[in-house]
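Every number in this text was worked out from the coordinates using simple rules, so none of it is lab data. Predicted, not measured: the structure shown is a model, and the values here were computed from it. We place every Cβ from the backbone using ideal geometry, glycine too, and count neighbours over all the protein chains shown.
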Ligand SMILES: [Zn+2]
Ligand SMILES: [Zn+2]
C-alpha cells in the first residue's frame, strides 16, 4: 500500500492512498486544478479514483470538491452528520454520497476501511483506518484530543499520519484572536506538538514504523519545531520509527507500507 499527500496544513488537506488495484483520496481541501496536477505527478488521472473519503466538512478538507465532482463524479464517503452538511454546501454531491456511520467497516476495491469518531468541532468528524489486508495505514488529524476511540482505532497501524498542529507557546503569543486560540486549544480543536509527541510515542511503542506529522499550522508551528518536539519524545522513550513532516502545499514523497 502506498500513501502520498497532495497537501497537509490548516489551509488544505488531501491524501492519496493506493493499493495494487485501487486508488482513493482522503479529503479534497485543495483546488481541482491542484488535485489533477498532483494525481498526474502520481501517474494517475481522476478517472483512476474509486472514491473520496471525507473526514469532516471544514473548508480545509472539502474546498476542491464542488469543481472536482462536477468534472469527475466519483463516490464520496462520509458519516451521516458530515453528509448532511455536505449536501447543503455542495449540492452536486447529493447523488454521489455514501453516508456511513462512524465506526463502520466497508470496502472500496481491495482496500478495507474503518472510520472512527474524532473529538473536533465539526458535525460528525472521523479519521480512517485503511488496510490492504496486509498492512494498515491510519489518517488521524483534527483530533482535539486523543480519545480511547482513536487509540483503539490506530492500534497496530504500520503507518500513521497524525496531526501536529501548533506549538502551544507560539499559538498563545501569536497573531490569532483569543477566541480562535481558545477554540484550537480546546478538546474539540487541534493537537499541539506536545500532544502529538505523546500520541507518537504510544503508536511507536505499539509497533508503528512510519509516523507522518500532518496538518501543521503555518502561523503557529514550523516543520523544524514539530519534528524536534516529536523526535525528542521518541528518543527519550528509546523508540526509532521513521519520522517525517509532510509538506504543506506540494506532493510529499511516496511512503510505502
Ligand atoms: Zn483541518
Ligand atoms: Zn477541522
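Quick notes on this one:
- Helix 223-236 and the long axis of the chain differ in direction by around 60°, with both axes built from C-alpha atoms.
- Helix 32-41 vs. the chain, principal-axis angle (Cα, 0 to 90°, nearest 10): 80 degrees
- Counted by neighbouring Cβ atoms within 10 Å, the residues 211, 44 run from fewest to most as 44, 211.
- Listing 126, 154 from fewest to most neighbouring C-beta atoms within 10 Å gives 154, 126.
- Centre-to-centre separation between the Cα atoms of the stretch 1-41 and those of the stretch 141-195: 22 Å.
- DSSP-defined antiparallel bridges as percent of all bridges, the stretch 2-251, nearest 5: 50 percent
- Rounded, prolate or oblate (a/c below 1.5 giving rounded, otherwise prolate when a/b exceeds b/c) for the stretch 86-163 by Cα gyration tensor: oblate
- For the chain, built as a Gaussian network whose Cα springs stay under 10 Å, the top-fluctuating residue of 223, 75, 91: 91
- Gyration tensor verdict on the stretch 81-121 (Cα atoms; rounded if a/c is under 1.5, prolate if a/b is larger than b/c, oblate otherwise): oblate
- Cα gyration tensor shape of the stretch 2-251, rounded if a/c is under 1.5, else prolate or oblate by comparing a/b with b/c: prolate
- Sum of -39500 (n - 2.57) over DSSP H runs of 4+, divided by residues of the chain (222 nm, nearest 500): -8500 deg cm²/dmol
- Acute angle (nearest 10 degrees) that the helix 80-89 long axis makes with the longest principal axis of the chain, alpha-carbon atoms: 70 degrees
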